[in-house]
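Below: one structure, written as structure tokens.
The values are calculated or read from the model by the stated rules, or taken from the named source; none is laboratory data. Since this is a predicted model, take the numbers as computed values, not measurements. All Cβ positions, even for glycine, are placed from backbone atoms using ideal geometry, and neighbour counts span all protein chains on display.
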Amino acid sequence: MALSNKQIKYRLLISFLVIFGVFAFLLSYFISKQQRDLLLEDQRYRAILELDLISEFIAESFLKRNYAQLSQFLNRWGEQRDYIVLLKANLPNGFNLVNYQRSQEAKNFLEMEKQVEFASDKILHLQITMDLFHTEEVIEELNEQLALLFTGIIAALGFILWFTLNRFAINPMRQEIEHQAATLTNVQTENLRMSTELDITRRLQTMLLPSHRELAEIKDLDIACFMQPASEVGGDYYDVLLDPNQKWIKIGIGDVTGHGLESGVLVLMVQMAVRTLLVDGVRDPARFLSILNRAVFDNIQRMDSDKNLTLSLIDYADGKIQISGQHEDVLLIRKGGQLERIDTFDLGFMVGLQPDISHFISKIEFDLNPGDGLVLYTDGITEARNVKKQMYGLNRLCDVVSRHWHCSAQAIQEAILLDLGQHIGKQPVFDDVTLMVIKSREEINSDAVTC
């Protein structure tokens, strides 16, 4: 779940305060320890000075044998100093000169001992114990001051951090997030719009393809068609059209450079241009293709596009075939399965690349007897690659067609697509795939049809 800007700000602030609080605690502990050691050292130095002073007085009193005055002095000296807890002065023979002890117990104390020599053979053992409660009070007071100091520093830094985050981090972050969200919304809206446009174009393409009913009405030819675009909108073109007087059939196949929306629009242009010229009664292949090219070229220029296409047009009437236009090799298969490749390179030129291609256009004619037929395709089939980057190839396509030519057009098409799928495997398809199988009808038995 995404955090709000306020939650982010407070979490950053709390994290900083916790980290700085730990650091402040460690720093104050270190300062307090150092100060305590200094105070103890000072206390020890004071105790040594006092012992030295007492030692001189004791030595002088012993030499004068003034023991009572010495004992009285030491007791009075201990009572006048509230930090003295214990004061003892003993001779080596066990004589206890003074044994002063305060009634209160000391929690923290400092013990000092000294040997006082007041004659060559006279030694006094002096022991003093000092209460450190004054030192502890000073340390506690110092700790309180440090705590107040660091609390103030933490509060000040917290406010500075909160202000800084608010001014220079959170607000710009919030603005950036809002900007990114708005951009994402715009992108999603644009993607939705483009997806809708692509869907409409794809549906238009599909709607304008020849239906099974139309193909079934063509009595002389058994035709099976297949197209699978690589994207939502394909760049391949195919069509089967019957002229208004039902005297001849116009079959077209082409491949627009690239695929996608622009290519799909160009396919629709070509389909409309072919049907218009067919309805207008333009029969001559060179004139037909030349007019179509000029119309497509002008529209491409208006679109400011660099698209063009290969296009072959096949006319069929009364058992005769005319082919014009440049595209992939046309496969001509005779009744027994003998196959011939018809090179279309010299039959035309790329459509939409130049305004006039009439001088490039030519045609070939031949008879199509019962049992003969054509296979038309785009390079999406022959150049399809498997996981080893090996292309399907024209030779393999020809082999599958020859082996299954005794079957119906639909069965031949299914055999080709099955073999193509086995070759591709799980490899993604990167180009549009279009296939047309056209076979001149003949009297065949049911076994042949169901192969």
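Looking across region 218-266 at every residue that is over 33 Å from the mean Cα position of the chain (by Cα) and either acidic (D, E) or over 26 Å from V282 (Cβ atoms) (or both), the one that is surrounded by the fewest Cβ atoms within 10 Å (Cβ to Cβ) is identified as D220.
Take the conditions among the polar types (S, T, N, Q) and under 46 Å from the mean Cα position of the chain (by Cα) and apply them to N369. Does it pass? Judged against the criteria, N369 is not a match.
Yes or no, residue by residue, for (1) modelled with pLDDT under 70; (2) small (G, A, S); (3) within 16 Å of E113 (Cα to Cα); (4) within 60 Å of the chain's Cα centre (by Cα):
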{"residue": "Q35", "(1), (2), (3), (4)": "no, no, no, yes"}
{"residue": "L40", "(1), (2), (3), (4)": "no, no, no, no"}
{"residue": "Q43", "(1), (2), (3), (4)": "no, no, yes, no"}
{"residue": "A47", "(1), (2), (3), (4)": "no, yes, yes, no"}
{"residue": "E56", "(1), (2), (3), (4)": "no, no, yes, no"}
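Summed over region 294-310, residues that are more than 14 Å from D255 (Cα to Cα) and among the polar types (S, T, N, Q) total 3. Going by the structure shown, is D372 touching a residue at least 60 places away in the same chain (Cβ under 8 Å), charged (D, E, K, R) and over 30 Å from L266 (Cα atoms)? Yes. For region 370-385, does any single residue satisfy the condition of being surrounded by fewer than 16 Cβ atoms within 10 Å (Cβ to Cβ), touching a Lys or Arg at 6+ places or on another chain (Cβ under 9 Å) and either part of a loop (DSSP other than H, G, I, E, B) or outside the structural domain of I249 (by TED's automatic domain parsing) (or both)? Within region 370-385 (the criterion being surrounded by fewer than 16 Cβ atoms within 10 Å (Cβ to Cβ), touching a Lys or Arg at 6+ places or on another chain (Cβ under 9 Å) and either part of a loop (DSSP other than H, G, I, E, B) or outside the structural domain of I249 (by TED's automatic domain parsing) (or both)), the answer is yes, since at least one residue qualifies.
Residue-by-condition table, conditions (1) touching a helix residue (DSSP H, G or I) at 6+ places or on another chain (Cβ under 6 Å); (2) in a helix (DSSP H, G or I):
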site	(1), (2)
N395	no, yes
S402	no, yes
C407	no, no
A411	no, yes
D419	yes, yes
H423	no, yes
Q427	no, no
V437	yes, no
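Looking across region 250-287, the residues that are under 17 Å from Q354 (Cβ atoms) and in a helix (DSSP H, G or I) come down to L266, M269, V270, A273, A286, R287. Of the residues that sit in region 279-317 and are of a type in the set (D, E) and without any contact (Cβ under 8 Å) to a residue 60 or more places away in the chain, which one is surrounded by the most Cβ atoms within 10 Å (Cβ to Cβ)? Looking at residues that are of a type in the set (D, E) and without any contact (Cβ under 8 Å) to a residue 60 or more places away in the chain, I get D284.
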